[in-house]
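So the structure is just underneath, and the comments pick up after that.
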Amino acid sequence: MVTKTINIKESAYNALRAQKRPGESYSDVILRVTEGEEKGVCEFLDTIDPAVREELAASVKSAKKDLDRIRPRKVSL
């Protein structure tokens, strides 16, 4: 079995742990919650706690701001 290491915020881990059933692995939880199929980002976000969604949105906005400052986008006309 191939494994990957990912980094997630503690609040995201707690949300995942709250979904975990006895005897279930975290991989099982992710597949169950996502129904084992590829979803769009918006569909996935609808499945998680609103507070976690807000924290994720803030993290993405912050990371984008940092990236834009380091490497501004080229504007095509």
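The values are calculated or read from the model by the stated rules, or taken from the named source; none is laboratory data. A quick note: this is a predicted structure, and the numbers were derived from the prediction, not measured. With ideal geometry, Cβ positions are generated from the backbone for all residues, glycine too; neighbour counts draw on all protein chains shown.
Computed values, structure above
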item: Among residues of the range 1-31, those that are assigned to a helix (DSSP H, G or I) and closer than 16 Å to Asp49 by Cβ, counted; result: 12
item: Subset of the range 50-59 (residues that are out of contact with any helix residue (DSSP H, G or I) (no Cβ under 6 Å at 6 or more places or on another chain) and surrounded by 10 or more Cβ atoms within 10 Å (Cβ to Cβ)); result: Ala51, Glu54, Leu56, Ala57, Ala58, Ser59
item: Enumeration of residues in the range 36-75 that are in a loop (DSSP other than H, G, I, E, B) and modelled with pLDDT under 75; result: Gly36, Glu37, Glu38, Lys39, Gly40, Arg71, Pro72, Arg73, Lys74, Val75
item: The range 46-70 residues that are within 16 Å of Tyr13 (Cβ to Cβ), paired with ones that are part of a helix (DSSP H, G or I) and among the hydroxyl-bearing types (Ser, Thr, Tyr) (beta carbon under 6 Å, 6 or more apart); result: Val52/Ser11; Glu55/Ser11
